[in-house]
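The values are calculated or read from the model by the stated rules, or taken from the named source; none is laboratory data. Computed from a predicted structure; not experimentally measured. Quick reminder, even Gly has a Cβ in these numbers, built from the backbone with ideal geometry, and neighbours come from all protein chains shown. Side chains are part of the model used for accessible areas, which takes the heavy atoms of the whole protein and leaves out ligands, DNA and RNA. Shrake-Rupley method; radii C 1.70, N 1.55, O 1.52, S 1.80 Å.
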Amino acid sequence: YYSFTIDRGSRDGVAVNDVVISPEGAVGRVAAVSYNYAEVLTILDPAVSMGCTISRTREIGLAEGESLLAQDNRLKMSYLPRETLAAASDLVVTTGLGGVFPSGLIVGTVEDVIPESSGKSMYAVVRPAADVRDITSVFIITNYDPDTAAKAAAPAQTAEELPQDAQNGPQDAAA
């Protein structure tokens, strides 16, 4: 499934589950770390899954490696609705759900949309934006905290949602 070793490790602040990207998009995640190197599982590996959305339709699914598709440098985005509007060339990006991959990373483009064997949902065959088989240089996201990211992405409260004392604005300190 195209795992590879990088020349950065714990001495550089790399940790298990750090996300690995390229300028083209998501590449994988760190699976094991030593002092001066780390092993990366690519997004083609069945052990790697990402919450994703199809940009045009906003439909959410789970992108993960699948052994037969990985042979052709493809991955599977499952759990699309049976009535999906996804189509070839739609862009797939991460949602941030799952706590490993931050939201907004480009994963790839839809090549085909196929019914699941159960008939209850559809899946998309996705061509990764980054060719993980020939990658020579990557970036490692070492400081991603899903809790902090969720708080930063939380919608602002309207005045009606704020506590009563906050609605009145700042109070002057009277002597």
Original post:
Hey, among 125, 110, which residue is in contact with a Ser or Thr (Cβ under 7 Å, 6 or more places away or on another chain) and at pLDDT 95 or above?
Top reply: 110
**OP:** Any chance you could count how many residues in the stretch 91-113 are in a strand (DSSP E or B) and touching a Phe, Trp or Tyr at 6+ places or on another chain (Cβ under 8 Å)?
**Re:** 2
Original post:
within 19 Å of residue 25 (Cα to Cα), touching a residue at least 40 places away in the same chain (Cβ under 8 Å) and either in contact with a His (Cβ under 7 Å, 6 or more places away or on another chain) or open to solvent by 30 Å² or more (accessible area, probe 1.4 Å) (or both) - does that describe any residue in the stretch 52-68?
Top reply: no
Original post:
Does residue 9 count as open to solvent by less than 60 Å² (accessible area, probe 1.4 Å) and at positive phi?
Top reply: no
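Against the condition part of a strand (DSSP E or B), under 20 Å from the mean Cα position of the chain (by Cα) and farther than 17 Å from residue 42 by Cβ, how does residue 78 come out, does it pass? I'd like the intermediate steps shown before the answer.
On the way: part of a strand (DSSP E or B): yes; under 20 Å from the mean Cα position of the chain (by Cα): yes; farther than 17 Å from residue 42 by Cβ: yes.
Taking the combined requirement at face value, the residue satisfies it.
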Original post:
If we scan the stretch 65-75, do we find a residue that is at pLDDT 95 or above, under 14 Å from residue 122 (Cα atoms), in contact with a Gly (Cβ under 9 Å, 6 or more places away or on another chain) and of a type in the set (Lys, Arg)?
Top reply: no
Original post:
Taking the stretch 31-51, which residues are surrounded by 15 or more Cβ atoms within 10 Å (Cβ to Cβ) and either within 12 Å of residue 124 (Cβ to Cβ) or of a type in the set (Phe, Trp, Tyr) (or both)?
Top reply: 37
Original post:
Can you name every residue in the stretch 124-134 that is open to solvent by less than 70 Å² (accessible area, probe 1.4 Å) and either outside any loop (DSSP other than H, G, I, E, B) or in contact with a strand residue (DSSP E or B) (Cβ under 6 Å, 6 or more places away or on another chain) (or both)?
Top reply: 124, 125, 126, 128, 129, 130, 132
